[in-house]
1. Please work out the Cα center distance from the range 25-51 to the range 69-108, rounded to the nearest Å.
2. Pick from Glu108, Glu45, Glu21 the residue whose mean-square fluctuation is largest in a GNM of the chain, springs joining Cα atoms under 10 Å.
3. Relative to the Cα centre, what is the charge dipole magnitude of the range 2-143, using +1 at the beta carbon of each Lys and Arg, -1 at the beta carbon of each Asp and Glu, and rounding to the nearest 20 debye?
4. Answer rounded, prolate or oblate for the range 1-83, using the Cα gyration tensor with square roots of eigenvalues a ≥ b ≥ c: rounded when a/c is under 1.5, else prolate when a/b is larger than b/c, else oblate.
5. Once the piece of chain linking Lys19 and Met1 is laid out straight, how much longer is it, given 0.36 nm per residue of separation minus the C-alpha distance between them?
6. As a test of the formula, what do you get for the chain when each DSSP H run with n ≥ 4 contributes -39,500 (n - 2.57) and the sum is divided by the residue count, at 222 nm and rounded to the nearest 500 deg cm²/dmol?
7. So what is the relative contact order for the range 12-59, in percent, with contacts set as C-alpha pairs under 8 Å and at least six apart?
8. With unit charges on the beta carbons (Lys and Arg positive, Asp and Glu negative) and the dipole taken about the Cα centre of the chain, which residue among Gly27, Val78, Gly95 sits farthest to the positive side?
Amino acid sequence: MLYSEKVMDHFQNPRNVGKMEDASGVGEVGNAVCGDIMRMYIKVEDNIITDVKFITFGCGSAIATSSIATEMIKGHTVDEALTLSNKAVVEALDGLPAHKIHCSVLAEEAVKAAVKDYYDRNGIEYDPELFKDCDNCDHCPKG
Ligand code: FES
């Protein structure tokens, strides 16, 4: 079986799909090679991510990784969300085929971009190093 049950579940029943009108931060990332686009919305209250939504125009793995990423950051602090790695996302899904690892990179980047937007909107200072991968990102497959 190419895809784990978890991947199939999150692809077929994605959690937290949709738009968020009153988001505290929105991150949109894309991959120029496959053309997939992921948009992540976070609602932040007292430094806690109280709600997350996503819209992904992309492959099944991109949908599954964004879905599980929303579950992994919801209820956590903004700082914790920043530590979410694409590796953790892949592990939480019980693995992805090698040529689909880049989809999980997109999920990590979307979360980071949403947090960065939240920081920027609120004038919260941060270490630019935290987002240096995003700034240098040409949205090409890394995995
Ligand atoms: Fe590009 Fe999945 S094929 S994100």
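Read the figures in this text as sums done on the coordinates, not as results from a lab. On a predicted model such as this, the values are computed, not experimentally measured, just so you know. Neighbour counts run over all protein chains shown; Cβ positions are idealised from the backbone, glycine included.
1. 12
2. Glu21
3. On the way: 14 positive and 24 negative charges, 97 e Å.
Charge dipole, the range 2-143, about its Cα centre: 460 debye, nearest 20.
4. Working: a/c = 2.06, a/b = 1.51, b/c = 1.36.
Cα axes put the range 1-83 in the prolate bin.
5. Details: separation 18, 0.36 × 18 = 6.48 nm, distance 3.26 nm.
Gain on stretching Lys19 to Met1: 3.2 nm.
6. Numbers: 6 runs with 60 residues, N = 143.
When only DSSP H runs of four or more count, the value is -12500 deg cm²/dmol.
7. On the way: 79 pairs, mean separation 17.9, N = 48.
It comes to 37 percent, rounded to a whole number.
8. Most positive-ward Cα: Gly95.
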